[in-house]
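Each reported figure results from applying straightforward, stated rules to the coordinates on display, with no laboratory input. Only a predicted model underlies this, so the values are computations on that prediction, with no experimental measurement involved. Backbone-built Cβ (ideal geometry, glycine too); neighbour counts: all protein chains shown.
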Amino acid sequence: MTVSFGHIQDIAELSLIARTCTRCPLSEGRTNVVFGSGSVTADVMVVGEGPGQQEDEEGVPFVGRSGRLLTSLLTEVGLERDDVYIANVVKCRPPRNRDPLPAEIDACKPYLRRQIELVDPSVVITLGNFSTKLLLRTATGITRLRGVAYEWWGRYLVPTFHPAAALRGGERVTNDIRSDLRLVRSVIDGRIPSGDEPQANDTLVSVDQEQESSQMGLFGES
Ligand code: URA
């Protein structure tokens, strides 16, 4: 059954609801719901995949190895961790850190939808395939999608690799994330790269009307 949290007016109230959520079986294995952290008035929101072991134990997103790398890469472009809002596609840890299942993502989607609406950031950074595919409603992988700021739902969406991929993939992946975060910096500074002379990693793409209306599916009731 689809649920809407459109009537919930603040993040703290939504977080309280999530704390007792049993909408999917991930609730059975969790230690803590990892709802989100950071500034609820942030200009930048980061969306990861789902909590790992350390996040599950502490109830805070991105506090493990991936989180430390994320924090340091954000700092490089002048974004302090506490100044951004950080959340995940699923709020409870999948067993043995497996990928979240479609039904789990579906069950958790209304929370993410309302988090984005309430925080109302001007830029959403998606980390890795799960958040990027969900929010852009595409089957295209992150390798092809990254490097671009998409106009999305009245704001911008900048997809990049998940920091866990950088921990596995080394300097090349890390540098791609750096480049994407510089793009975020440009967007929030109002230096949106001109379409006249597009550069490989500094391009603004406008989604077409059809794609834009299909993106509403994330926020729709069905
Ligand atoms: N990976 C994620 O996607 N989210 C976290 O919170 C931690 C690791």
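What percent do you get for the relative contact order of region 57-191 when only Cα pairs under 8 Å and 6+ apart count? Walk me through the numbers on the way to the answer.
Working: 136 pairs, mean separation 30.8, N = 135.
With pairs under 8 Å counted, the relative contact order is 23 percent.
How do the peptides 71-78, 121-128 rank, highest first, by the average count of neighbouring beta carbon atoms within 10 Å per residue?
Values: 71-78: 15.1, 121-128: 23.6.
In descending order of packing, they fall as 121-128, 71-78.
Ordered by residue, what ³J(HN,Hα) values in Hz, to whole numbers, does region 62-73 give under the Karplus form 6.51 cos²θ - 1.76 cosθ + 1.60, where θ = phi - 60° and Gly and Pro are x?
Result, rounded to whole Hz: 6, 10, x, 4, 4, x, 5, 5, 4, 4, 6, 5.
Using the count of nearby Cβ atoms within 10 Å as a rough guide to exposure, how do Ile188, Ile177, Ile86 rank from fewest to most?
Numbers: Ile188 18, Ile177 23, Ile86 27.
Least to most surrounded, the residues fall as Ile188, Ile177, Ile86.
Counting only DSSP beta bridges with both residues in the chain, tell me the antiparallel percent, nearest 5.
Working: 6 of 22 bridges.
Expressed as a percentage, antiparallel bridges in the chain total about 25.
Give me the distance between the Cα centres of region 33-74 and region 171-194, rounded to whole Å.
Result: 20 Å between the Cα centres.
Work through the residues other than Glu104 whose Cβ is under 13 Å from its Cβ and net out their charges, Lys, Arg +1 and Asp, Glu -1. Before the final figure, lay out each step's value.
Values: positive: Arg23, Arg30, Lys91, Arg93, Arg98, Lys109; negative: Glu28, Glu49, Asp99, Asp106.
Net charge in that neighbourhood comes out at +2.
Would you mind counting up the charge near Cys92? Only other residues with Cβ under 11 Å from its Cβ, with Lys and Arg at +1 and Asp and Glu at -1.
Values: positive: Arg19, Arg23, Arg30, Lys91, Arg93; negative: Glu28, Glu55, Asp56, Glu104.
That works out to +1.
When each pair of different Cα atoms in the chain is counted once in the 1/r mean, what is the Kirkwood radius in angstroms, to one decimal? Numbers along the way, then the final one.
On the way: mean 1/r = 0.0572 Å⁻¹.
Averaging 1/r across every pair of different Cα atoms and inverting gives 17.5 Å.
Just want the ordering: Arg114, Arg144, Arg155, from fewest to most Cβ atoms lying within 10 Å of their own Cβ. Could the numbers behind the result be given before it?
Numbers: Arg114 22, Arg144 10, Arg155 16.
Arranged by neighbour count, lowest to highest, Arg114, Arg144, Arg155 become Arg144, Arg155, Arg114.
Spelling out what I want: for every residue of region 165-172, take phi, set θ = phi - 60°, compute 6.51 cos²θ - 1.76 cosθ + 1.60 (Karplus), and round to whole Hz; glycine and proline get x.
With the stated coefficients, region 165-172 comes to 5, 5, 5, 7, x, x, 5, 5 Hz.
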